[in-house]
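Scroll down for the structure; my scribbles are underneath it.
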Amino acid sequence: MALGAGLGLVALIVVVAVGSHIFRSATPIPSVVVASQAEAEPVAEAENLSVPAELTVVVHVVGAVESPGVIELPENSRIVDALAKAGGAREDAILSGINLARVLFDGEQIVVPSQADEPAAVSINAPPGLVSLSRGTSAELETLPRVGPATAARIIAWREENGPFTSVDDVLAVSGIGPATLEGFRALVVP
């Protein structure tokens with residue numbers, strides 16, 4: 001009896017599969033009508049459709065560039081594009097601390113340091129007992145109150161993407177560090 005039921009099930013599956021194949025073969029494929037551009041425009045006008053304008057970002061480029069100022073670029077442009085639109089980096093520009101491949105975000109400021117600025121940046125080395133936010137290792141940053149491995153990693157990632165911290169308050173731009181956390185270690189750090 002089980003053998004008969006099994007054969008019946010197999011026969012049913014075969015009938016369904018064959019019928020499905022025959023039905024699909026017999027179903028006509030609808031033709032696609034493509035309107036020319038000239039025919040499509042009146043329809044768009046009739047429906048008051050508009051093509052969205054290209055999205056842009058506005059950034060402020062300052063420092064060692066030929067034409068510093070506020071510039072507008074297409075969305076998803078990169079820092080290298082902003083520098084080019086600002087006339088390019090000057091000969092005394094220091095680009096090693098800038099991630100030229102990073103995508104821009106609207107409203108940001110891009111600071112291009114020059115060799116004249118370098119002595120201030122070099123003086124970031126922390127005096128004994130203080131931790132440099134710009135140069136400290138993960139282990140050194142983790143010695144600060146309320147800074148664990150994850151926060152230390154975010155501080156390092158931020159400075160790799162944005163360059164060295166110019167003031168202790170710049171660390172507030174790092175995700176997870178608020179005013180209370182900063183006040184907890186302000187006296188223990190230098191930019």
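Each value in this text was obtained by applying a stated rule to the coordinates, not by laboratory testing. The structure presented is a predicted model; accordingly, all values stated were derived computationally and were not measured. In this analysis, Cβ positions are derived from the backbone assuming ideal geometry, glycine residues included, and neighbour counts consider all displayed protein chains.
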In whole Å, largest first, the alpha carbons of region 56-118 cover along the principal axes 32, 20, 16
Counting only residues 5 or more apart in sequence or on a different chain, those whose built amide H sits under 5 Å from that of Val189 are Val131
Once normalised by the length of region 56-118, the mean sequence separation of its alpha carbon contacts under 8 Å that are 6 or more apart gives a contact order in percent of 44 percent
Between Val112 and residues 5 or more places away or on another chain, the pairs with built amide H atoms under 5 Å apart involve Val62, Gly63, Ala64
Here region 99-106 yields Karplus 3J(HN,Hα) values (6.51, -1.76, 1.60; θ = phi - 60°; whole Hz; Gly and Pro given as x) of 7, 5, 8, 6, 6, 6, 10, 4
For region 56-118, the dipole about the Cα centre with charges only on Cβ (Lys and Arg +1, Asp and Glu -1), to the nearest 20 debye, works out at 120 debye
Long-range alpha-carbon pairs in region 124-190, meaning those over 21 Å apart, account in percent for 8 percent
